[in-house]
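Colleague: Pasting a structure below so you can have a look.
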Amino acid sequence: MFRLLLNWRILAFLIAIAIVTGTVFYSQYLANKIAHDERQKVATWVEAGKFLFNSPEDTDTKLVSAILTQNDDIPIIRADEAGHIVDFVNIDARRISAADSSYLYEKLKQFKKQHPPIVYTDPLNGQKDYYYYGASRLLREVQYYPLVQLLIVALFIVVTVYAITIRNRSDQNQLWAGMAKETAHQLGTPVTSLQGWVEMLKEQPGSEKIARELAKDVDRLQLVSDRFSKIGSTPSVEPRELLEQINGVMDYIKRRAPGKVQFLIYANEKRIPVLLSGALFDWVIENLLKNALDAMEGKGTITIDIQSLPAQIVIDVSDTGKGISTAHLSRVFQPGFTTKRRGWGLGLTLSKRIIEQYHRGQLFVKSSEPGRGTTFRIILHNQLAIA
């Protein structure tokens, strides 16, 4: 189905290109035909003018006069052999002053570039007059028509591509939300059953310690289910203490990290209140910390640096791992992209969506150097401080 749709898009694109190309060539053909006809008209106009000037008084000049008066669109400038302008027609006289004739000579330069002159040689004295002319309004419109059409087609393509992109993004968002909610629904029943079994285990003598540890894992499963259920829902943010939120996630990851990994956290304020969706924001920090652990392969330092600024909060999560190659930097947030042997490549994609769509912030790779580590940056707008 996708291949068929793609083939139709390619076919439609090729048809559009063929139509535009055909129109351009046909417009050029018309422009050349009109230009040829206009040269003939100018030549006839010149001959008519000379005939009228040199004709005897008793000659019938009605036809010649009609030819002269019919040209009300083609601009013509008459110049002598020395290049001085002698006369002109169909040029806006309001832009010509007696003291300054530069406008006429600029027009003359333009006409010389557009068409070769029509030369008339006086049979009596041999003097030559040069008639330079420009394009009529009709010819200009025909010449510019392909450009106008190309602009319209380009605008149509841009609007169409933008609409398709928005639609695909909307479909993708609905797919993400549907998958997340279905996952939460599927997890709900077994998690509830596990909670019941844990309660029963707590009542068995000698099983208290096992029950407590199982309860922690069941609570963790419940948290994961809660996170998935929030994807696609209306974001619910509330005032949170940022340092407490991040420290809670760091402590959880620290207990499960190798002993040779050091965790550091720095902040320029002791208290940083901010509006957050707690469960979803924890998911983002957890994903970044897990990625950092995977990149360091069992040893190194993970640092979280938090800067509370007047209008925003900047959170940098850095590691001393293997870094990200330049070829992969532009793809780290794409769905399905991963350099790990296991995993779906969805963690960073979901994290970016959570920060941008639910918290109106930004998540991006601030810097990365192969062999030295990576820094991810989160920017949150400090809505509490602004309010």
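The values are calculated or read from the model by the stated rules, or taken from the named source; none is laboratory data. Note that the coordinates shown come from a computational prediction; the quantities given were computed from them, not determined experimentally. Here the Cβ is made from the backbone with ideal geometry for all residues, glycine too, and neighbour counts use every protein chain on show. Note: accessible area is taken over every heavy atom of the protein model, side chains too, but ligands, DNA and RNA are not part of it. Shrake-Rupley method; radii C 1.70, N 1.55, O 1.52, S 1.80 Å.
Colleague: Please state which of the following conditions residue 72 fails to meet, knowing it meets all the rest: (1) open to solvent by 90 Å² or more (accessible area, probe 1.4 Å); (2) more than 53 Å from the chain's Cα centre (by Cα).
Modeller: (2)
Colleague: List pairs: first residue in segment 351-372 and farther than 17 Å from residue 288 by Cα and touching a residue at least 60 places away in the same chain (Cβ under 8 Å), second residue open to solvent by 60 Å² or more (accessible area, probe 1.4 Å) and among the basic types (Lys, Arg) anywhere in the structure, Cβ distance under 9 angstrom, at least six positions apart or on different chains.
Modeller: So the pair list comes out as 358/230.
Colleague: Answer yes or no: is there a residue in segment 37-49 that is surrounded by 15 or more Cβ atoms within 10 Å (Cβ to Cβ), under 45 Å from the mean Cα position of the chain (by Cα) and either of a type in the set (A, V, I, L, M) or closer than 13 Å to residue 138 by Cβ (or both).
Modeller: no
Colleague: May I ask you to verify whether residue 135 is surrounded by 14 or more Cβ atoms within 10 Å (Cβ to Cβ), at pLDDT below 75 and farther than 30 Å from residue 255 by Cα?
Modeller: No.
Let's see how each residue does on (1) touching a helix residue (DSSP H, G or I) at 6+ places or on another chain (Cβ under 7 Å); (2) of a type outside the set (Val, Ile, Thr); (3) part of a helix (DSSP H, G or I); (4) modelled with pLDDT of 70 or more:
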residue: 18; (1), (2), (3), (4): no, yes, yes, yes
residue: 35; (1), (2), (3), (4): yes, yes, yes, yes
residue: 46; (1), (2), (3), (4): no, no, yes, yes
residue: 57; (1), (2), (3), (4): no, yes, no, no
residue: 66; (1), (2), (3), (4): no, yes, yes, yes
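Colleague: Where residues in segment 327-385 are farther than 21 Å from residue 310 by Cβ, open to solvent by 60 Å² or more (accessible area, probe 1.4 Å) and among the aliphatic types (A, V, I, L, M), which of them is modelled with the highest pLDDT?
Modeller: Out of the qualifying residues, it is 329.
Colleague: Could you list, in sequence order, all residues of segment 285-326 that are surrounded by 14 or more Cβ atoms within 10 Å (Cβ to Cβ), among the hydroxyl-bearing types (Ser, Thr, Tyr) and under 30 Å from the mean Cα position of the chain (by Cα)?
Modeller: 318, the sole residue that qualifies.
Colleague: Shifting gears a bit: So how many residues does segment 198-212 have that are assigned to a helix (DSSP H, G or I) and in contact with a Leu (Cβ under 8 Å, 6 or more places away or on another chain)?
Modeller: Qualifying residue count, segment 198-212: 4.
Colleague: Looking at this structure, is residue 255 farther than 23 Å from residue 360 by Cβ, at pLDDT below 95 and either touching a Gly at 6+ places or on another chain (Cβ under 9 Å) or surrounded by fewer than 16 Cβ atoms within 10 Å (Cβ to Cβ) (or both)?
Modeller: yes
Colleague: Could you tell me whether residue 272 is more than 19 Å from residue 351 (Cβ to Cβ) and open to solvent by less than 10 Å² (accessible area, probe 1.4 Å)?
Modeller: yes
Colleague: Just name the residue that is least open to solvent (accessible area, probe 1.4 Å) out of those in segment 15-29 that are touching a residue at least 24 places away in the same chain (Cβ under 8 Å) and not polar (S, T, N, Q). Break it down stepwise before answering.
Modeller: Initial filter on segment 15-29 (touching a residue at least 24 places away in the same chain (Cβ under 8 Å)): 16, 20, 23-24, 27-28.
Now narrow it down to the ones that are not polar (S, T, N, Q): 16, 20, 24.
Values: 16: 41, 20: 20, 24: 52 Å².
Per the criteria, the residue is 20.
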